[in-house]
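A.B. asks: Sharing a structure here in structure tokens format.
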Amino acid sequence: MSLSYYEGKTFHVVTYGCQMNVHESEKIRGILSTLGMLEIDDINKANVVVFNTCCVREGAEDRAYNNIVSLKKVKSENKDKIIVVCGCMSQQKNGKYDLKKKLPFVDIIIGTHNINLLADYLSKFAETHKRIYDILDQPTASMDGVKCVRDDKINAYVNIIYGCNKFCTYCIVPYVRGREKSRPVKEIYDEVKDLVQNQGYKYITLLGQNVNSYGKDLEEKMTFSKLLNYLCTIEGDFKIKFMTSHPMDFGDDIIHVMKTQPKIAKALHLPVQSGSNKILQKMNRHYDIKHYLHIIKKLRHAIPNIALSTDIIVGFPGETEKDFNQTMKLVKRVKFDQIFAFMYSKRSGTPASEFLDQIDEHTKNVRVNKLLRLERLIQKDQIKKYFNKTYDCLIRQINGVAVGITDGGKEIYIPTYRYNNQNYFALVKVEDIRNHKLSGVIIK
């Protein structure tokens with residue numbers, strides 16, 4: 001039986017986790033669409049359901065597991081329904097859930113290294129109707145070049161580097177994604193060029209666990225800043241974003257490119273994780289707060305209007321009230337535009353999971369809520385900084401009104417402008433702030 005078995009059948013993809021997973025799901029949807037399948041919203045009625053999982057935090061893992069289990073009854077009533085589980089949750093060893101044993105009704109279980117072979121696994125299952133469990137230690141091949149089915153028509157994700165070499169003590173990524181491997185420059189260039197010139201994307205977001213490490217493993221002499229400069233030579237009305245950066249590898253060359261290249265978005269996600277040097281050392285982050293603040297100072301000097309966001313882990317093993325207060329002090333000092341705050345999640349197989357000085361859930365919960373309250377107060381006060389300033393915005397229409405979207409995602413309403421059904425970049429000046437909403441006019 002060939003893959004024609006799937007032609008005309010329906011599928012549904014469920015995604016958990018980071019932007020890397022979102023982009024992988026776009027490729028999974030592309031693979032299934034290439035087989036002649038049709039995507040539908042109803043998970044219960046779909047002939048094939050794919051769960052693309054995450055295990056970076058316990059919450060995402062629990063949600064994925066519970067949602068997979070919820071299909072057990074549907075599967076028992078429809079034996080022909082095919083359920084696939086892939087991604088980080090499948091790949092991890094000694095994880096919280098033994099998927100092979102606990103999910104006997106799932107037909108295909110694969111990891112992160114062989115998602116590109118999904119069509120082959122589906123073909124094999126159609127022929128044998130025998131359960132498939134295949135977790136590989138090394139990638140078979142990348143998913144680069146695989147057709148993507150994207151929901152977002154404005155922003156397109158592009159992988160530039162896979163894996164991570166940092167081995168932060170709390171992080172499972174190096175164990176489920178492997179070591180760093182950079183994509184060839186020409187592949188990235190050609191993909192970005194096609195997305196901009198043939199598909200009309202306005203934002204290109206370069207992805208990697210640590211994009212700043214790009215090129216270190218390539219034979220050709222290439223750095224991340226050189227890649228950014230090269231991609232800026234592509235003709236078209238677009239901007240480049242990137243994530244995620246690591247403070248240890250974030251150099252002056254990247255700041256220079258961000259400042260001088262108009263096509264580089266004036267926004268940066270730079271995870272600090274903690275405001276305590278003691279905790280940063282326990283996390284194996286390889287920088288201290290003085291180094292981090294020096295980067296922030298240089299960024300704001302070079303790009304005064306830059307939008308800064310960060311990740312913070314609250315309740316890491318050994319975090320005292322003093323350590324947490326140092327994080328609060330850092331947040332007050334930097335005044336980030338956005339904070340993604342997480343309670344520390346114990347990940348089996350990571351060094352931090354074996355630390356004896358674990359923090360109780362109540363303390364973590366109290367601290368994270370305190371941090372988020374501080375963030376809201378800062379954002380409420382920070383909105384004043386936008387007044388009378390000019391931003392290069394993407395002009396779009398939201399609820400019938402023209403809106404300029406800044407690189408940092410802030411919305412500036414333009415009530416006097418009639419939207420012409422085209423998305424493009426223009427300079428917008430903020431002239432009024434009411435009820436924490438910005439309004440302005442296009443000046444160029």
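The values are calculated or read from the model by the stated rules, or taken from the named source; none is laboratory data. Here the structure is a predicted model, which is why all the values come from computation and not from measurement. Every residue, glycine among them, receives a Cβ derived from its backbone with ideal geometry; neighbour counts consider all protein chains shown. Just so you know, the surface numbers come from the protein's heavy atoms only, side chains and all, with ligands and any DNA or RNA stripped out. Shrake-Rupley method; radii C 1.70, N 1.55, O 1.52, S 1.80 Å.
A.B. asks: From the protein chains alone at 1.4 Å, what is the descending order of accessible area for K147, K241, K290, largest first?
C.D. replies: K290, K147, K241
A.B. asks: In degrees from 0 to 90, rounded to the nearest 10, what is the angle of the helix 289-302 Cα long axis to the longest principal axis of the chain?
C.D. replies: Once rounded, the angle reads 70 degrees.
A.B. asks: Let me ask you something else. Any idea what angle helix 118-128 forms with the longest principal axis of the chain, computed on alpha-carbon atoms, 0 to 90 degrees, nearest 10?
C.D. replies: 20
A.B. asks: Largest first and to the nearest Å, give the Cα extent of the chain along each principal axis.
C.D. replies: Reported extents, whole Å, longest axis first: 66, 58, 49.
A.B. asks: Between I28, I110, I378, which gets the highest mean-square fluctuation from a Gaussian network model of the chain, Cα cutoff 10 Å?
C.D. replies: Answer for the Gaussian network model of the chain: I378.
A.B. asks: Here is a follow-up. What percentage of the solvent-accessible surface of the chain, computed with a 1.4 Å probe over protein heavy atoms, is contributed by carbon and sulfur atoms?
C.D. replies: With neighbouring chains kept in place, the figure for the chain is 49 percent.
A.B. asks: Then there is this: Could you work out the local net charge near P174, counting Lys and Arg as +1, Asp and Glu as -1, over the other residues with Cβ closer than 10 Å to its Cβ?
C.D. replies: Overall, the nearby charge balance is +2.
A.B. asks: Tilt of helix 19-34 relative to the longest C-alpha principal axis of the chain, in degrees (0 to 90, nearest 10)?
C.D. replies: 40
A.B. asks: Given a 1.4 Å probe and the protein chains all in place, what does the accessible area of F342 round to, in Å² to the nearest 10?
C.D. replies: 60
A.B. asks: Can you give me the C-alpha center-to-center distance between the range 338-406 and the range 35-61, rounded to a whole angstrom?
C.D. replies: Spelled out, the Cα-based centre of one part sits 27 Å from the other.
A.B. asks: Report the Stokes-Einstein translational diffusion coefficient (µm² s⁻¹, integer) for the range 174-313, Rh taken as the Kirkwood radius over Cα pairs, at 37 °C with viscosity 0.692 mPa s.
C.D. replies: Translational D for this selection: 204 µm²/s.
A.B. asks: Same structure again: Might you work out the accessible area of S348 for me, using a 1.4 Å probe with all protein chains in place, and round it to the nearest 10 Å²?
C.D. replies: Result for S348: roughly 50 Å² accessible.
A.B. asks: Grab the Cα-Cα distance for K322 and I43, subtract it from 0.36 nm times how many residues apart they are, and report the gain in nm with one decimal.
C.D. replies: Full extension from K322 to I43 adds 95.7 nm.
A.B. asks: Find the all-direction average of the projected area of the Cα convex hull for the range 21-67, expressing the result in square nanometres with one decimal place.
C.D. replies: Answer in nm², one decimal: 3.7.
A.B. asks: Of Q91, Y214, I109, which is farthest along the charge dipole of the chain in the positive direction, counting Lys and Arg as +1 and Asp and Glu as -1 at C-beta?
C.D. replies: Highest projection toward the positive end goes to Y214.
A.B. asks: Roughly what % antiparallel, to the nearest 5, for the DSSP beta bridges in the chain?
C.D. replies: 35
A.B. asks: Based on a Kirkwood Rh over C-alpha pairs, give the Stokes-Einstein translational diffusion coefficient of the range 74-129 at 4 °C and viscosity 1.567 mPa s in µm²/s.
C.D. replies: Once the numbers are plugged in, D ends up at 106 µm²/s.
A.B. asks: What number comes out for accessible area per residue over the chain if the probe is 1.4 Å? Units Å², please.
C.D. replies: Accessible area per residue: 47 Å².
A.B. asks: While we're on this one: Could you tell me what % of all Cα pairs in the range 308-444 have separations over 28 Å?
C.D. replies: Percent of Cα pairs beyond 28 Å in the range 308-444: 39.
A.B. asks: Over the Cα atoms of the range 254-360, what radius of gyration and what Dmax do you get, in Å?
C.D. replies: Gyration radius and largest Cα-Cα distance of the range 254-360: 15.4, 49 Å.
A.B. asks: If Lys and Arg each add +1 and Asp and Glu each add -1, what is the summed charge of the other residues whose beta carbon sits under 10 Å from the beta carbon of N47?
C.D. replies: Local charge sum for N47: +2.
A.B. asks: Any idea which of Q379, T390, T363 is furthest toward the positive side of the dipole for the range 354-404, if Lys and Arg beta-carbons carry +1 and Asp and Glu beta-carbons -1?
C.D. replies: T390
A.B. asks: Over all alpha-carbon pairs in the range 373-444, figure out the percentage whose distance exceeds 15 Å.
C.D. replies: 50
A.B. asks: Convex hull over the Cα atoms of the range 238-281, averaged projected area in nm²?
C.D. replies: 3.5
A.B. asks: Which value, in debye to the nearest 20, describes the size of the charge dipole of the chain about its Cα centre when Lys and Arg Cβ atoms bear +1, Asp and Glu Cβ atoms bear -1, and nothing else is charged?
C.D. replies: The dipole of the chain has a size of about 1300 debye.
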